[in-house]
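Comments concern the structure below.
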Amino acid sequence: MLVPRPICLELSFAAIRHNLDQVIQRLERIGAQRACARPRVWGVIKANAYGHGLESAVTALARADGLAMLDLDEAVRAREAGWAGPLLLLEGFFQSSDIAILEAYELSVVIHCAEQLTILERSGVGPGFPAWVKLNAGMNRLGFLPADFARAWGRAQTLRRLGRLSALGKMTHFSRADDDADVTAAQRQCFLDVTRDLPGPVSLCNSAATLADVWASADILEPQWVRPGICLYGGSPFADRTADSFGLLPAQTLRSRLIAVHALPAGAPIGYGHQFVTPAPMRVGIVACGYADGYPRHAPTGTPVTVDGVATRLLGRVSMDMLAVDLDAVPQAVPGTPVVLWGQGGPSADAVAQAAGTISYALMCAVAPRVPRQAI
Ligand SMILES: *Cc1c(COP(=O)(O)O)cnc(C)c1O
């Protein structure tokens, strides 16, 4: 029996369940304050549930009203894992051969471009499936421009009458819900102006807009759905607010151990490129974790890391399989001492991401397949 390198990604499905509960409680609380019904929740599980493993996330998100993802394959896997409720493909379908699968697995789709409508108009009569017509309210990624929306909606209505679609909803996606309330309010107003007279459920909010309570207003009369993703996994969508402040728990913890400890004199360079040079005699530890494990290579000296429960920092450049840490505050550290790169008992993925100039989403999705997963 081979013993693996001492690195592992610990996955807590209890944390995902807890985070969904926190979101639902917030929706109930804010809804009650503002006399709005609690919106239904699409739990977003794209990208293998943000790196946490699709099948387990499906189980952990049992309280969600629906699940949303991108890949047809992920939708089929969620259905086969036993999810009986709505499943939404956030980019819809890509070719006519997808349609039979949508019908067989009872999937809902986003319709964001005229080509998708054309494919449906040319396809044969089937049992149909629900669709959400998407407005481009200013992100300019997917969706119909405001001037084109009514025509797209009309074509979708016709498809509904013909039985090609079984239900219609309206949606958009905010581009700055994490950092600009004015832009979000303008995009939201654009959505309301364009869709007000078109009946159907509404879906607007990602994690940032959900936690900023953008959904909670009496001017939306239709049943509403929110679409939280990152917050279910314990990441904050905001640069200036921690996940902890919303009562969220990290669902993934990247753990490793020291594999070497050095007592170095002043003036000793550390790692490739000699990016860090010890200013004084220093104890330095080498951790079994590198960019081939998914740790960000561009994380600089000073990026937080926890060694034996003590908050300390990364030193020098991250190598493919290893990185160096400052042990001055951890005199007891020896080879084998536990290290938390991010998650429970260590810095948050958000803090590591911020130091590395990225976001926790990118860290969570990128932990390499070679890192063993351990469910707790
Ligand atoms: C990814 C995604 C979400 C979830 O975004 P988070 O920021 O992770 O909450 C919601 N809606 C759409 C359309 C998405 O693509």
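Based on C-alpha pairs under 8 angstrom that are at least 6 apart in sequence, the chain has a relative contact order of 18 percent. Taking all protein chains together and rolling a 1.4 Å probe, Ile376 ends up with roughly 120 Å² accessible.
Expressed as a whole number of Å, what is the distance separating the alpha-carbon centroids of the range 127-147 and the range 19-41? Between the Cα centre of the range 19-41 and that of the range 127-147, the gap is 25 Å. When each of the peptides 212-224, 49-61, 123-135 is scored by how many other beta carbons lie within 10 Å of its residues on average, the order from highest to lowest is 49-61, 123-135, 212-224. Protection proxy ranking, highest mean first, for peptides 322-329, 176-183: 322-329, 176-183, where packing is the per-residue count of other beta-carbon atoms within 10 Å, averaged. Spin-label model, Asp240/Ala263: points 7 Å from Cα along the beta carbon direction are separated by 4.7 nm.
Can you give the calculated 222 nm mean residue ellipticity of the chain, where each DSSP H run of n ≥ 4 adds -39,500 (n - 2.57) and the sum is split over every residue, rounded to the nearest 500 deg cm²/dmol?
Working: 11 runs with 108 residues, N = 376.
Here the helix-only value at 222 nm equals -8500 deg cm²/dmol.
When only Cα pairs under 8 Å and 6 or more residues apart are kept, what is the percent relative contact order across the range 1-72?
On the way: 54 pairs, mean separation 25.4, N = 72.
It comes to 35 percent, rounded to a whole number.
Highest mean first, how do 235-243, 284-292 rank when packing is the count of other Cβ atoms within 10 Å averaged over residues?
Details: 235-243: 18.9, 284-292: 21.2.
Descending mean neighbour count gives 284-292, 235-243.
Using only the Cα atoms of the range 46-184, build the gyration tensor, take square roots of its eigenvalues as a ≥ b ≥ c, and label the shape rounded, prolate or oblate: rounded if a/c is under 1.5, else prolate if a/b is larger than b/c, else oblate. Before the final figure, lay out the partial values.
On the way: a/c = 2.10, a/b = 1.07, b/c = 1.95.
In terms of gyration-tensor shape, oblate.
The residues neighbouring Gly234, those whose beta-carbon lies less than 10 Å from its own, together hold a net charge of -2 under the Lys/Arg +1, Asp/Glu -1 convention. Largest mean-square fluctuation among Arg161, Arg79, Arg257, in a Gaussian network model of the chain whose springs join Cα atoms under 10 Å apart, belongs to Arg161. Comparing Ala156, Ala81, Ala64 in a Gaussian network model of the chain (Cα springs below 10 Å), the most mobile by mean-square fluctuation is Ala81.
Histogrammed with a bin width of 20 Å, the alpha carbon distances of the chain distribute as 27, 48, 21, 3 percent, first bin at zero. Taking all protein chains together and rolling a 1.4 Å probe, Arg38 ends up with roughly 80 Å² accessible. Accessible area ranking (1.4 Å probe, heavy atoms, ligands and nucleic acids excluded), largest first, for Leu90, Leu341: Leu90, Leu341.
Here the simple spin-label model places points 7 Å from the Cα toward Cβ, and for Ser123 and Ala104 these points are separated by 1.3 nm.
Electrostatic bookkeeping for Cys289 treats Lys and Arg as +1 and Asp and Glu as -1; over the other residues with beta carbon under 12 Å from its beta carbon, the sum is +3. Oblate is the label for the range 1-118, because the ratio a/c of its alpha-carbon gyration tensor axes (a ≥ b ≥ c) is 1.5 or higher and a/b is not greater than b/c. Mean separation of Cα pairs under 8 Å and 6 or more residues apart, divided by the residue count, gives the range 145-259 a relative contact order of 19 percent.
The values are calculated or read from the model by the stated rules, or taken from the named source; none is laboratory data. Here the structure is a predicted model, which means the values were calculated and not measured. So basically every Cβ, Gly included, is an ideal-geometry build from the backbone, and we count neighbours across all protein chains shown. With ligands, DNA and RNA removed, areas are computed over all heavy atoms of the protein, side chains included. Shrake-Rupley method; radii C 1.70, N 1.55, O 1.52, S 1.80 Å.
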